[in-house]
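Enquirer: For reference, the structure I am asking about is given below.
The values are calculated or read from the model by the stated rules, or taken from the named source; none is laboratory data. Everything quoted here is computed from the prediction, not taken from an experiment. Heads up, the Cβs are rebuilt from the backbone with ideal geometry, glycines too, and the neighbour counts pull from every protein chain shown.
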Amino acid sequence: MVGSATRYPEAVFLKRPDMTGYGFFFTGEPDFKAAVESFTAPILRSFAGEPVPGQPDPQEHLKTAAVTLLGQAFDRSAPPELGPEGISRAVAAMVRQHFATAVPRVLLIERRDNRLSIRPAIEFLRHPGHPLAVVVDGLPHGGEAHFFDSADQFQRAGEAHPDQHRWLPQIVYRLYSRTPSVMLGHPMRDAAAGANSVACRGLNFGLPAPLEER
C-alpha cells in the first residue's frame, strides 16, 4: 500500500536546498535496529544506564547528538572519517526518536527555518518516470545523492558535462528513458583490466515502476 508503514524505513533521504544530500537504505528491521544501536549504545553506556544529576536526560543527549551530526551533514562539516555510513547511523537514531513503532517506508529529512524536520516522503512511491533521487550507494547503507523535482530538471543535469561531484545522473540519463523514482549506481573497478564501470539499478519499493533502456 502506498504510504504504508513498517517497522523500519526502507529509505531515508537527507536533502539540502541545493538538491544534494544523501540516500540511506535499510534491508530489514534487524539491519535498522543495528544501525540505531551502533549510534545510541556508546552514548547510553557513558551514563551507565542512569541519569547524571544536574545533566539532561540521556535520551536528550541522544537527540542532541543526532541533530548535531545531521546538521553537520547539511553543512558539509561532518568529520570525513564518518562517511555516509556513520551519518546513516545518526539518521537511524533520529528516525527511531520520531517513530517509536510504525515507520513510514520512505522518509525525507530537510532543514526548515534552521531546524531539522523529518516527514513521510510519499512522492518517492509515486514513480513519475524519472528519478527523484540518484544515489551513489558505495557503502552498505547508501551514499551521496542528487535530487530532482521534475523531469526537466533531471534532463538538464543529465545533459550537463559530468565532473567529480556529479557524474551518476549523466550515466542514468544516457542509459535509461524511464526509471523508478530512485536510481542507485555502484562504482566498480576491474584492477586487472584497469577499467572502471558503474552497476545501476532502480529502487521501486515493491510498486510498479518500469526501468526502460534507451
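Enquirer: Does residue 78 satisfy the criteria of being at pLDDT below 95, in contact with a Leu (Cβ under 8 Å, 6 or more places away or on another chain) and surrounded by 18 or more Cβ atoms within 10 Å (Cβ to Cβ)?
Expert: It is true that residue 78 is at pLDDT below 95, in contact with a Leu (Cβ under 8 Å, 6 or more places away or on another chain) and surrounded by 18 or more Cβ atoms within 10 Å (Cβ to Cβ).
Enquirer: Considering only region 161-173, I want to know if a residue exists there that is without any contact (Cβ under 8 Å) to a residue 24 or more places away in the chain, of a type in the set (Phe, Trp, Tyr) and touching a helix residue (DSSP H, G or I) at 6+ places or on another chain (Cβ under 6 Å).
Expert: Yes - at least one qualifying residue is present in region 161-173.
Enquirer: Any idea which residue in region 156-214 is surrounded by the fewest Cβ atoms within 10 Å (Cβ to Cβ), counting only those that are of a type in the set (D, E, K, R) and within 19 Å of residue 20 (Cα to Cα)?
Expert: That would be 163.
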